[in-house]
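The block underneath contains the structure these notes are about, expressed in structure tokens.
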Amino acid sequence: MADSGLNATAAALLGLLHEGPMTGGQLMAAAERKLGPFWSMTRSQVYRELPALADAGLVRMGKPGPRASQPYTISAAGKRAFARWLSEPVGRDQLRNPVILRVAFGKLHSGQQLAELYSQAEAQHTQALSAAREQAKQAAADGDEYGAAALNFAVSYHRAALTWLKNAPRG
């Protein structure tokens, strides 16, 4: 956490709430649609963070709806905290790739294990590339040039991963 007092999940939720009131489930769907190709949030993170944001006065809770769904709205204090977060240094990228971690120990794998690892990774990146392309296209069609630019990062990432996988050592 930095000067704003926001961790990345809290900041992402506040950013999404700028679009209007949302329940936890709606926030999860919006995060998947808008951020999913390059940023992950779990349901447990979202549902742990929302009450903390409410306790801090950064969001307001609305009237519970069907099935006890609780809508949240960003408050003026939440908008100020989010604006502070936007102006803070972003820090260092954090790359944690489970495929690359396993490849780092490739000499300890069998040839079959490596082939399966690469095959699974290729399928995942191919699917993710297709989804990110569609999401970027939709964001551009919706007039969200910044969202499209962020999603195009995911497109470039998955292309690069697929290129790397084609040239990875096979053992």
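Listing for the model above:
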| quantity | calculated |
| --- | --- |
| Region 53-66 - phi-based ³J(HN,Hα) in whole Hz, Karplus 6.51/-1.76/1.60, Gly and Pro as x | 5, 5, 4, 7, x, 8, 9, 10, 8, x, 6, x, x, x |
| Length-normalised contact order for region 60-169 - Cα pairs under 8 Å, 6+ apart - percent | 17 |
| Scaled radius of gyration (Cα, divided by 2.2 N^0.38 Å) that region 96-150 gives | 1.62 |
| With every protein chain in place, the chain: carbon and sulfur % of accessible area (1.4 Å) | 56 |
| Hydrodynamic radius (Kirkwood) for region 37-116, which is based on Cα pairs only, to one decimal in Å | 16.8 |
| Signed unit charges on C-beta, dipole axis of the chain, positive-most listed residue G147, G15, H158 | H158 |
| Backbone HN-Hα couplings from phi across region 16-30 [Karplus 6.51/-1.76/1.60, Hz, Gly and Pro as x] | 5, 5, 5, 6, x, x, 8, 7, x, x, 5, 5, 4, 5, 5 |
| HN-Hα J in Hz across region 36-41 - Karplus 6.51, -1.76, 1.60, θ = phi - 60°, x for Gly and Pro | x, x, 9, 8, 10, 9 |
| Evaluated over the chain, the Cα radius of gyration and Dmax, each in Å | 19.2, 59 |
| Per-residue SASA entry for D142, accessible area with 1.4 Å probe, Å² rounded to 10 | 110 |
| Anisotropy class of region 42-85 from Cα gyration tensor, a/c 1.5 cut | oblate |
| Amide H partners (placed H, <5 Å) of S75, local residues excluded | V59, R60 |
| Selected from A141, A104, A54 as most flexible by GNM, with the chain as the system and alpha-carbon contacts under 10 Å | A104 |
| Listed residues F105, F82, F153, most fluctuating in the chain (Gaussian network, C-alpha, under 10 Å) | F105 |
| Lysine pair number, Cα distance threshold 23 Å (strictly under), the chain, separation 8 or more or different chains | 4 |
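The values are calculated or read from the model by the stated rules, or taken from the named source; none is laboratory data. Owing to the predicted nature of the structure, the values given are computational and were not obtained by experimental measurement. Cβ atoms come from the backbone with ideal geometry, glycine included; neighbour counts cover every protein chain shown. Just the protein is used for accessible areas: all its heavy atoms, side chains included, with ligands, DNA and RNA removed. Shrake-Rupley method; radii C 1.70, N 1.55, O 1.52, S 1.80 Å.
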